[in-house]
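> The structure is given below, and queries will be raised subsequently.
A short reminder: the numbers here are calculations on the coordinates, not readings from a lab. In this text, all values refer to a predicted model and were calculated from it rather than measured experimentally. Counting neighbours? That spans all protein chains shown, and the Cβs are built from the backbone with ideal geometry, glycine included.
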Amino acid sequence: MLENIRLSFQGIWSHKMRSFLTMLGIIIGIASIISIVSTIKGTNEQIKNNLIGSGNNTVEVALWQGTQWELDIYSSADIPTGIPEVSDETCQQILDLDSVENVTRYNQRRSSDGVFYQNQSLSEVGIRGIDTNYFSTVGYVIRTGRNFIKDDFKNFRKVLILDQTAADSLFQNESPLGKTIEINQTPFTVIGVVDEASKFEPTINTIEDYYNYTNQSSGYLYIPKASWPIVYSYDEPENVIVKATSTDDMEDAGQKTADILNATISSSQTDYQYRADDLLEQARQLQELSSATNNQLIWIASISLLVGGIGVMNIMLVSVTERTSEIGLKKAIGARKSVILSQFLTEAAVLTSIGGILGVGAGIAMAQMINRVSGVAVSISVPASAIAVVFSMLIGIIFGLLPSIKAANLDPIEALRRE
C-alpha cells in the first residue's frame, strides 16, 4: 500500500498541470460545499444567539388564553377565575427541578393606561410587580440609585425602578432619581435605574432580522410585588421566569415549569394555560427556514463533484493507455490482477484526496471572504471538513474503478506489443 501511495505521488508530480486540472472539479465542488455548510452553521448559531441573547438562559412562562395570545389584564374584570397566585410551595417545586437554577414570579400590565409623569402619559411603558429574585434571575443590575430592599416589600412602599430603555425615553439626559410617576393616581418615587448586566445587541443584517430580534418595547417600570394591589387588583394570576442551568436545558426547564403551574389551575378552568416562551424552538424554526435554500445550494454544488469524478475517470483511462506497456511488463513478471487494480485505485484515491484537502482549504478561505464582504456569519465545521476529504477519496475510488478494472484485465502479451 505504501509503495502504491509513493508511486501515486510520483505519477501526480510528473504530470503536475494535468493532475491539477483533473483535481479542479473536486476542488471547486468541495470548496463550494464547505463554504455553504460554514454559512449555514454560522447563520444557525447567529439565529440562536440573537434569540437567546447573551446567555442568561432565562425562559418566560406566561399565562395564555387558549393558544392564540398571551393573557392581557386591563382591569379587574379581565381576571380569570380558578387560577391561583404562584405560591412559595410552587416556586420551591420549580426550583427543585434539575434544569432550573433560579425562579421569579411577577404581575404585569402591558398596556399601562393611567400612568403619568407630570402631564406626560406613559401608555407605551409596561409595568411589572416583581419579587426579590427578579433582577438576579433575569441578569439585571442597578446602574444608578438603589435596588428594592426587604422593607419596601414589608411596608408596601410606593417606590419604583425603571429599566434603562424607559429612563432614556422618559427623562433623556435628566436624572430620574427622586422623580414621581403616578400609577392610577397613586404616586411612586423613582429610586433606581436597572439594566442588563452584560448588554447584548443582536446581529442585524436584514430588515427581517430587525423585526425578528429587536425589542420594540418602550421599557418597563418595576414596583414591589407587595405594592401591586395598591394600584391594581388582589389575587391576579402571575407569570414566572426561570433561569435554566444551561442553554441546552432551557426547553426542559420551561416545559416542566409550565406543567407544574398548569397543575395548580382549577380543573373547571379550561380556557387558560401556562406556556413557556420556547426560544430554542423559535431558533429551530428560523434555522430550518434559512437552511432550506442553502441545502438546495449544496445539491447544486455537488454537481461539480460529479463532473470532477468524470474528469478523474477520463484521466485514469488516459493513464491506463499511456502505461499499457508498463502494465504488460508487470503482469509478465507475475503481478496479479489485484496488484494492478489496487495500484490504479490508490492513484485515483490519492488524486481526489489531494483535491479534497485543497478544496477544504479553498472553502474555508471562501467562507471567510463571504464573512468579510457581506457580513454573513460563518462557522467552520471540522466534521464536515473531514467528511468532505473522505467523500472526495470515495469519488476517486468509485470513478477510478472502471479504469482500474480495465488495467487489471489487460492481456500481458497484447500490452507488451504496444509502444
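> Calculate the spin-label point distance for Asp96 paired with Gln269, positioning each point 7 Å from the Cα along the beta-carbon direction, and give it in nanometres.
In this crude label model, Gln269 to Asp96 measures out at 2.2 nm.
> Amide H of Leu97 versus every other amide H placed in the peptide plane: which residues, excluding those fewer than 5 positions away on the same chain, fall under 5 Å?
Amide H neighbours of Leu97, under 5 Å, 5+ apart: none.
> List every residue whose amide H lies under 5 Å from the amide H of Val125, counting only residues 5 or more places away in sequence or on a different chain, with H placed 1.01 Å from N in the peptide plane.
Residues meeting the amide H criterion: Ser112.
> Under 13 Å from the Cβ of Asp96, count the other residues' Cβ atoms, weight Lys and Arg +1, Asp and Glu -1, and hand me the total.
-3
> Which lysines, if any, have their Cα less than 22 Å from the Cα of Lys330, not counting same-chain residues under 8 positions apart?
Output for Lys330: Lys406.
> Could you derive backbone 3J(HN,Hα) for segment 16-21 from the dihedral phi with the Karplus parameters 6.51, -1.76 and 1.60 (θ = phi - 60°), listing whole Hz in sequence and x where the residue is Gly or Pro?
4, 5, 4, 5, 5, 5
> Using r as the Cβ-Cβ distance of Asp248 and Gln368, and R0 as 25 Å, what FRET efficiency do you calculate, to the nearest 0.05?
0.30
> Evaluate the Debye formula for segment 66-186 with equal point scatterers sitting on the alpha carbons, no solvent, and hand back log10 of I(q)/I(0) at q = 0.10, 0.15, 0.19 Å⁻¹, in q order, two decimals.
-0.40, -0.90, -1.33
> Mind listing the long-range amide H neighbours of Val194? Cut-off is under 5 Å, sequence gap 5 or more, other chains count too, H placed in the peptide plane at 1.01 Å from N.
Those qualifying (amide H under 5 Å, at least 5 residues apart or on another chain) are Arg143, Leu162, Asp163, Gln164.
> Once you have the Cα-Cα distance between Trp13 and Thr189, take 0.36 nm times their residue separation minus that, and quote the gain in nm to one decimal.
That pair, Trp13 and Thr189, stretches by 55.2 nm at full extension.
> Taking the Cβ of Ser266 as the center, what net charge do the other residues with Cβ under 15 Å away carry, scoring Lys and Arg +1 and Asp and Glu -1?
-3
> Cβ under 15 Å from Asn107's Cβ, Asn107 left aside: what net charge do those residues give with Lys, Arg +1 and Asp, Glu -1?
Here the charged neighbours net out to -4.
> Still on this structure: Starting at the first residue of segment 235-245, write each ³J(HN,Hα) from the Karplus equation 6.51 cos²θ - 1.76 cosθ + 1.60 with θ = phi - 60°, in whole Hz, x for Gly and Pro.
In residue order, the calculated couplings are 6, 6, x, 10, 9, 9, 10, 10, 9, 6, 5 Hz.
> Distances over 15 Å make up what percent of all Cα-Cα pairs in segment 341-402?
Pairs farther apart than 15 Å: 55 percent.
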